[in-house]
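A short worksheet on the structure shown next.
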Ligand code: HAM
């Protein structure tokens, strides 16, 4: 029996990969404009990094990690998210020694053992940024604005930015107490996970996906009601900066992120719509304690990550067309033995001139070769028979218009390029 891909993974096939490249290219362009530079960290890390970074009581660490022992018995984990690894690298390579705000971006696969469904995989891809070294609320706003730019540039519709403040170690104990008191009365009705969360990390109860728990926490006190003065001032300044930048947003006091490292600003980009279409495509926030938690100096950070599968899913569902296949500039059609040899050389010359070109390797007849050119989305066909060979020309045919003319062999690349430029202009 043929082997199939593991559940929750996807093959990104030719014809689909073009949309991925397009999204990646757009993101890289925007990142460069905001002075973000790329960082690539390992796909697996020491398990402890995520336990300490993401948080022991999060769903990710409790249930969703791909953890394994290597041959020497060390516990390693496929990264479930990008932030912890980037912070580790930031500390390990002392990037904090730079006197400036350090702006980093990354893209690549992440791994979570979740129940697969539309827009949720076990191997999925994130594109994200992390900015270190400033607690300025304007940076929070700029980070959100960057994500918003990318999504609007890609044509995402019905986008909503939810913003909240989850406070700091100063204000959280007050909220924690109010929350525990509020939930004490309904404790027995909470799911078993939440009953344990209530003791270990009550804020996590607000993040439970069980419907009953969500109902029970509907009127629970929010962190926003318990912010200390500094966090309140920070939040107000973030809002002001978002407004100055013209980024539409909604304050959502019930927004709790699924990772423990956040302080103050937390946000999500949600696409509104029916059923499956509704969902979070991007999450992020500030994490002022994480660098120190992972052994570095007390340097604040903020970032976001969006899911590429989810973004592409939303775009497809909204009917946005993305590039599928780039096609081919020129297909070289050869008739006869001598012409076949020359066709390969002509293709070589076209490619060297920066054009995309291919030839027939399957000994097809003329008509069949035209069909191939069509299938490849070729814009031009260069037809080379014995007669053309003797005269040192090809018949260059524009496959869109049907126009055809003889062009000297040495000039084919230039002729194709000129005609392509003309049709583009
Ligand atoms: P997160 O909210 O866990 O945040 O994930 C960010 C995004 O990754 C989600 O909004 C979603 O689009 C996508 N995503 C997550 N899990 C899956 C899945 N199983 N299948 C498909 N897509 C998924 C983080 O990971 C943080 N590290 C973001 C961050 C960066 N915060 C600060 N800096």
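The values are calculated or read from the model by the stated rules, or taken from the named source; none is laboratory data. All of these numbers come straight from a predicted model, not from anything done at the bench. Neighbour counts run over all protein chains shown; Cβ positions are idealised from the backbone, glycine included.
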*Taking into account only those residues within the stretch 320-344 that are more than 35 Å from the chain's Cα centre (by Cα) and surrounded by fewer than 16 Cβ atoms within 10 Å (Cβ to Cβ), which is nearest to residue 369 (Cα to Cα)?*
336
*Number of the condition not met by residue 130 [criteria: (1) more than 10 Å from the ligand (Cβ to nearest atom); (2) under 23 Å from residue 264 (Cα atoms); (3) outside any helix (DSSP H, G or I)]*: (1)
*Out of 241, 233, 237, report the one residue that is farther than 26 Å from residue 62 by Cβ, over 31 Å from the mean Cα position of the chain (by Cα) and assigned by TED's automatic domain parsing to the domain that holds residue 271.*
233
*Can you tell me how many residues in the stretch 112-145 are modelled with pLDDT of 95 or more, in contact with a strand residue (DSSP E or B) (Cβ under 7 Å, 6 or more places away or on another chain) and under 23 Å from residue 25 (Cα atoms)?*
11
*Which listed residue, of 301, 283, is within 13 Å of the ligand (Cβ to nearest atom), surrounded by 23 or more Cβ atoms within 10 Å (Cβ to Cβ) and under 16 Å from the mean Cα position of the chain (by Cα)*: 283
_Number of positions in the stretch 133-163 that are part of a strand (DSSP E or B) and crowded, with 17+ Cβ neighbours inside 10 Å_ = 4
*Test residue 81 against the stated conditions and say whether it is within 12 Å of the ligand (Cβ to nearest atom), surrounded by 15 or more Cβ atoms within 10 Å (Cβ to Cβ), farther than 24 Å from residue 295 by Cα and in the same structural domain as residue 299 (by TED's automatic domain parsing).*
no
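Yes/no matrix, rows are residues, columns are (1) more than 12 Å from residue 339 (Cβ to Cβ); (2) buried (at least 16 other Cβ atoms within 10 Å of the Cβ); (3) free of Cβ contacts under 8 Å to residues at least 12 places away in the same chain; (4) within 45 Å of the chain's Cα centre (by Cα):
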| site | (1), (2), (3), (4) |
| --- | --- |
| 385 | no, yes, no, no |
| 402 | yes, no, yes, yes |
| 405 | yes, no, yes, no |
| 412 | yes, yes, no, yes |
| 418 | yes, no, yes, yes |
*Go through (1) closer than 16 Å to residue 25 by Cβ; (2) within 15 Å of the ligand (Cβ to nearest atom) one by one and return the number of the condition residue 149 breaks.*
(2)
*So residue 272 fits all but one of (1) crowded, with 16+ Cβ neighbours inside 10 Å; (2) closer than 22 Å to residue 152 by Cβ; what number is the exception?*
(1)
_Can you say whether residue 311 is in contact (Cβ under 8 Å) with a residue 60 or more places away in the chain and either more than 23 Å from residue 27 (Cα to Cα) or surrounded by fewer than 20 Cβ atoms within 10 Å (Cβ to Cβ) (or both), as far as the supplied structure shows?_
no
*asked:* For the stretch 246-269, which positions are more than 11 Å from the ligand (Cβ to nearest atom) and not in a loop (DSSP other than H, G, I, E, B)?
replied: 250, 251
_Quick check on the stretch 220-230. Is at least one of its residues assigned to a loop (DSSP other than H, G, I, E, B), within 14 Å of the ligand (Cβ to nearest atom) and either modelled with pLDDT of 95 or more or over 27 Å from residue 124 (Cβ atoms) (or both)?_
no
*Across the stretch 92-117, what is the number of residues that are over 13 Å from the mean Cα position of the chain (by Cα), surrounded by fewer than 20 Cβ atoms within 10 Å (Cβ to Cβ), more than 10 Å from the ligand (Cβ to nearest atom) and in contact (Cβ under 8 Å) with a residue 60 or more places away in the chain?*
1
*Restricting the stretch 198-219 to residues that are part of a loop (DSSP other than H, G, I, E, B) and over 29 Å from the mean Cα position of the chain (by Cα), which is surrounded by the most Cβ atoms within 10 Å (Cβ to Cβ)?*
217
